[in-house]
Every structure is written in structure tokens, then in C-alpha cells.
Amino acid sequence: MDLNNLLLAVTLAAAISAPIASHAAETEAPQPPPPTWLRVPFLHGLFGNPGDSQSELTSLDRANAWINSPPLTASDLRGKVVLVDFWTLTCVNWRRTLPYVRAWADKYRDKGLVVIGVHSPEFEFEKKPDNVRTAVKEMRIDYPVAVDSDQLVWNGFDNEAWPALYFIDAEGRLRHSYLGEGAYEQSEMVMQALLKEAGADGFDRAPVMVDPKGPEVAADWRDLMSPENYVGYEKAENFASAGGTMMDKAAIYDLPSHLRLNEWGLSGDWTVRKDAGRLNKPDGKIAYRFHARDLNLVMGPAAPGAAVRFRVLIDGKPPGPAHGTDVDEQGIGTAGEQRLYQLIRQPSPIADRDFEIEFLDPGVEVFAFTLADPTRPQRLKGPQWTRRRLPKRSIAPGAASSVMLQRLSRPYSSGE
């Protein structure tokens with residue numbers, strides 16, 4: 001079986017297995033309403049002749065810095081199978097793919113695979129190479145990382161999402177891409193096929209096994225009924241404190257007496273900027289009514305080297321067994337750097353909960369709640385199968401609309 005036929009078989013198997021798995025789950029327990037799009041692993045670039053990826057790989061020359069490696073160029077990578085992984089350190093969707101990417105890098109490094117992480121930031125603090133270096137060390141990433149603070153590599157690949165994987169063969173040609181979480185076995189099969197095509201052999205064809213911890217554990221999509229939300233006024237939604245947001249100026253906020261699902265509010269002296277809220281005096285609070293297994297908060301002290309103590313409550317009580325990895329059972333924690341903090345991981349049953357965090361010290365900046373938002377893809381643009389355009393944000397596993405699936409059997413039409 002040649003590579004294109006293998007990839008076609010992988011795609012069809014993934015598309016068929018998804019609804020079967022969904023049906024099986026429905027027979028066990030009631031399910032939340034299905035999304036208006038299909039979460040089907042959708043493998044790109046599978047048909048026709050391989051595309052020339054030299055323009056994408058040459059964009060690596062535009063990286064601001066490199067970690068774990070000297071700068072790599074398209075000519076350096078000739079003869080290697082390359083996996084390019086776009087990430088940003090606060091994206092929980094990407095974080096859940098990391099155990100697999102680490103395992104692939106270890107398993108196939110000696111067989112000719114080069115994994116390159118491209119860190120393309122969302123928030124200003126993620127543009128600082130030192131913050132990326134800290135994340136690389138804490139997350140045990142040992143493969144090369146290109147620091148793409150100006151998103152020039154992102155633009156060179158015409159990328160649109162975190163996480164995103166691009167598979168490039170030993171001739172430097174883009175053969176496959178995948179946006180979102182999931183399809184790990186299918187993606188590994190693609191890597192194996194490209195390595196075999198390049199002459200590698202002797203590797204174990206069984207898929208890698210991982211043992212994720214903390215924020216790297218797979219999402220609980222079934223119980224996710226709350227979206228990602230931002231604290232900065234540019235993207236904030238469902239803000240419920242009376243009077244709304246005072247933009248770019250210090251203001252006193254009060255929490256409403258009652259929050260509806262997915263509403264949130266502030267208490268205390270805050271300055272809300274375009275991308276974050278900053279606490280000016282101690283004892284400020286954020287409250288949020290949510291429905292999800294996990295609740296993560298992107299935050300940290302504005303001043304490097306500072307530390308901000310905080311306390312988390314869920315339904316007015318310490319979280320106990322529902323505490324995340326960054327707090328104890330009493331809900332006590334300290335923010336010592338700007339990053340993603342896992343504050344809540346609920347045991348079953350999952351229900352609507354009132355979350356509250358109180359900051360005992362001033363100077364914290366809070367950017368976003370991240371709960372693994374399943375983002376709906378936008379309409380495809382461009383040639384058939386070669387690129388999928390999505391909002392520039394994290395996305396759910398292999399989200400693909402029915403329109404995308406229809407394009408498997410008919411040509412792209414710019415008039416759709």
C-alpha cells in the first residue's frame with residue numbers, strides 16, 4: 001500500500017470510528033447536546049502529489065531565538081522527516097498533546113525524525129524568550145524549540161491555531177497537517193509511513209503509551225459546558241459586575257449577588273487593560289460560575305520575581321479533593337510567574353459550580369480562564385484539502401465541519 005492510500009485509510013477509519021464511539025457513549029448515559037459541528041479527526045494533505053514545503057521551512061530562519069538547539073534551516077533538515085508543532089505556553093489544548101509529542105521525539109529521534117516546537121505567543125509576556133525557556137524546562141521539553149515572538153514562522157506556515165502539527169517528508173515537502181487535539185495513533189502512523197519512505201526501519205509500530213499528569217490529562221469534553229474567557233476588555237464576555245468595565249483606569253468593582261452559568265465578575269481595586277486585569281490593592285477577587293471538570297487561570301505577578309498569594313473557593317468552601325495541581329486542599333497557592341495555573345479538577349459528578357479566587361497581595365495580572373474551549377471552525381478558504389482556516393486560538397480535537405468532509409468527494413468551489 002503506498003503512502004497516499006495508507007493516509008486515506010487512516011482518514012476514513014478515523015471518520016468512521018468517531019460516530020461509532022459517540023453512539024456507544026450515548027448508550028451508557030445521557031449526553032449533553034451535541035455540538036453543531038463534527039469532532040472528527042481530519043487529516044490534511046492526503047490526496048494528490050505532495051506539496052512543496054520549502055517556503056514553510058525557510059520561515060524558520062525568522063525565529064527570534066532557539067532553545068535546545070542551534071538555529072535549524074531548511075537545508076539542515078534535508079533528509080530528515082520533520083514534525084513542526086505550533087504551541088504557546090498558556091494553551092491547555094496544546095498542553096494535552098505534549099505527552100505524545102515528547103514520546104514521539106524520544107521514540108523516533110534515532111530513526112530520522114526531527115521534532116521542532118514553534119512557540120508562537122498569544123499574550124505579551126509569552127513573547128519573552130526567558131519565559132519560554134522557563135516553560136521548556138518545567139515541561140521537560142528536550143527537542144528543538146524556535147521562539148517565534150513576532151509570529152513570522154506562524155505566518156510562513158499560514159497557521160491558524162494552537163495546537164497544530166505539520167508533517168514534512170525527507171524531501172522537504174509538506175505531506176500532512178493536523179489542527180487540534182486527538183488523532184494520536186493516526187498521526188503516528190503518518191510519521192511511520194514517512195520514515196519508512198525515507199528508508200528507516202526497525203522501529204516498533206505499536207503506538208506510544210503515555211501517562212499524563214495534571215494539565216496534560218485528556219479533556220473531559222462530555223462535561224465541558226463553559227467556554228474559554230478573557231479578563232482583558234478586548235475579548236471579555238459575560239462580565240457581570242455592575243457598571244461594566246472601566247477601560248485602562250483604576251476602578252472599584254463589586255461582585256454581583258448571583259452569577260448565572262458562565263458569568264463572571266470582579267471585586268476590589270482593579271485596572272482592566274485590553275489584554276488583562278491588574279489588581280492594585282490586596283484582597284481583590286474574581287468569581288466565575290462554570291461547568292467543567294477543570295478550571296485553569298492564566299495569571300502571574302506583573303513584577304518579575306514577585307509572588308502573589310491567593311486562596312480558591314468552590315461553592316464557598318475550600319476545594320478539598322477538587323483542588324488542582326497549583327493549590328492544596330485548602331485552596332491555598334502562590335503565583336510566582338506568569339503562566340497557566342490549574343486551580344480546579346473536580347471529581348465526578350460534574351455540576352455548575354461557583355468558583356472564587358481571592359488575591360491576598362496586590363500586583364497580580366489575570367489574563368484568561370481556560371477550560372478547553374471547543375472552537376467552531378470557520379469556512380474553508382483556498383485550494384481543496386491543502387489548508388484549513390480557523391480562528392487564531394486553541395481548538396478542540398480535530399474539529400471539522402460537514403462542509404469540510406464533503407470536500408473529500410468534490411472539488412473546492414470559491415463560491416461556497
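Of note:
- The 3J(HN,Hα) values that the Karplus relation (6.51, -1.76, 1.60; θ = phi - 60°) gives for segment 334-351 are, in residue order, 9, 9, x, 7, 7, 6, 8, 10, 8, 9, 10, 9, 6, x, 5, x, 7, 8 Hz. Gly and Pro appear as x.
- Extension gain for the segment residue 280 to residue 260, taken as residue separation times 0.36 nm less the Cα-Cα distance, is 4.5 nm to one decimal.
- Residue 196 paired with residue 234, simple spin-label distance in nm, labels 7 Å along Cα-to-beta-carbon: 4.6 nm
- At full extension, residue 158 and residue 204 could sit 13.2 nm farther apart than now, given 0.36 nm per residue minus the alpha carbon distance.
- Using a Förster distance of 56 Å, the FRET efficiency for residue 220-residue 75 (Cβ separation, nearest 0.05): 0.80
- Reachable lysines, given that their alpha-carbon falls under 19 Å from the alpha-carbon of residue 80 and they are not under 8 places away in the same chain: 107, 111, 196
- Lys, Arg +1 and Asp, Glu -1 on Cβ, resulting dipole of segment 221-370 about Cα centre, debye, nearest 20: 100 debye
- Label point of residue 332 set 7 angstrom out along Cα-Cβ; within segment 260-289, amide nitrogens under 17 Å from it belong to 283.
- With both labels modelled 7 Å from their Cα along Cα-to-Cβ, the residue 354 to residue 247 distance reads 3.2 nm.
- Between segment 169-234 and segment 248-319, the alpha-carbon centres lie 33 Å apart.
- Among the GluC sites (Glu not before Pro) in segment 219-324, those placed in a DSSP loop whose Cβ has at most 12 other Cβ atoms within 10 Å are 234, 237.
- The lysines within cross-link reach of residue 281, meaning a Cα-to-Cα straight distance under 23 Å and a gap of 8 or more places when in the same chain, are 249.
- For segment 221-370: rounded, prolate or oblate by the Cα gyration tensor [a/c cutoff 1.5]: oblate
- Alpha-carbon centroid distance for the pair segment 88-123 / segment 124-156, whole angstrom: 11 Å
- Partner aspartates and glutamates for residue 274 [C-alpha distance under 17 Å; skip if fewer than 8 residues away on the same chain]: 122, 124, 126, 228, 234, 237, 248, 365
- Extension gain (nm, one decimal) between residue 66 and residue 271, 0.36 nm per residue minus Cα-Cα: 70.3 nm
- Rounded FRET efficiency, nearest 0.05, which uses the C-beta distance separating residue 110 from residue 58 and R0 of 41 Å: 0.95
Bear in mind that the values in this text are calculations on the coordinates, not laboratory data. This is a predicted model, so every value here is computed, not measured. Don't worry about glycine lacking a Cβ; one is built from the backbone with ideal geometry, like all the others, and counts go over all protein chains shown.
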